Amino acid sequence: MKAYYYFLYRVYWHYRDSPKKGHERALITTSFISSLILYVILITIFGFLYFFQENQAPSFLSNDKLKTIFIMLIIYVINYFLFIKPMRFLKKNFRKDKKGGFLIILFFIILGFLFLIGANKNRDKISKTYDKTKTENSSLR
């Protein structure tokens with residue numbers, strides 16, 4: 001939890017220090033960015049879980065834009081009311097330092113690599129399933 005609060009702290013102060021952005025706009029931007037990151041983490045985790053299982057992927061991993069927006073909206077509301085609005089991350093006495101910034105960037109790089117690896121593995125799995133189904137259907141004719 002401490003790492004997530006530090007991430008929120010860094011995002012908040014990045015947008016708070018920007019010219020013409022006040023406290024409220026910084027909170028909304030922090031909530032939006034952290035919700036987007038949480039969604040990508042969720043997709044990455046479920047993508048890897050799907051790869052190691054034999055059954056189909058959960059329906060919210062589909063390409064349906066409305067489902068994606070709805071899930072992101074749910075994540076946004078939960079994130080805002082549980083973590084952002086109480087502003088506990090501002091009361092933790094964090095400091096801006098280079099080490100923390102590098103760790104956040106390293107986390108994003110690792111998350112990106114895991115997302116790409118998971119996407120490629122799942123694409124291969126779907127491709128093999130499609131080829132297997134196509135072969136079975138052609139042999140039945």
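The values are calculated or read from the model by the stated rules, or taken from the named source; none is laboratory data. Please read these numbers as outputs of a predicted model, since none were measured by experiment. Positions of Cβ are generated from backbone atoms using ideal geometry, with glycine treated the same way; all protein chains shown enter the neighbour counts. These area figures cover heavy atoms from the full protein model, side chains too; ligands, DNA and RNA do not enter into them. Shrake-Rupley method; radii C 1.70, N 1.55, O 1.52, S 1.80 Å.
At a 1.4 Å probe, what is the % contribution of carbon and sulfur to the accessible area of the chain?
Working: 6920 of 10430 Å².
Solvent-exposed carbon and sulfur of the chain make up 66 percent of the total.
Taking 35 Å as R0, compute the FRET efficiency from the Cβ-Cβ separation of VAL77 and ASP17 and round it to 0.05. Please list the in-between numbers first.
Working: r = 27 Å, r/R0 = 0.76.
Working from the Cβ atoms, E equals 0.85.
Over the chain, with the other protein chains present, what is the accessible area per residue in square angstrom, probe 1.4 angstrom? Numbers along the way, then the final one.
Values: 10430 Å² over 141 residues.
Ligands and nucleic acids excluded, the figure is 74 Å² per residue.
Could you point to the label whose value was computed as Rg/Rh (Cα atoms, Kirkwood Rh) for the structure here, given (1) 1.19; (2) 0.94; (3) 1.12?
Given (1) 1.19; (2) 0.94; (3) 1.12, the calculated one carries the label (3).
Once both labels are modelled 7 Å past Cα along the beta-carbon direction, what's the ILE104-GLU136 spacing in nm?
4.8
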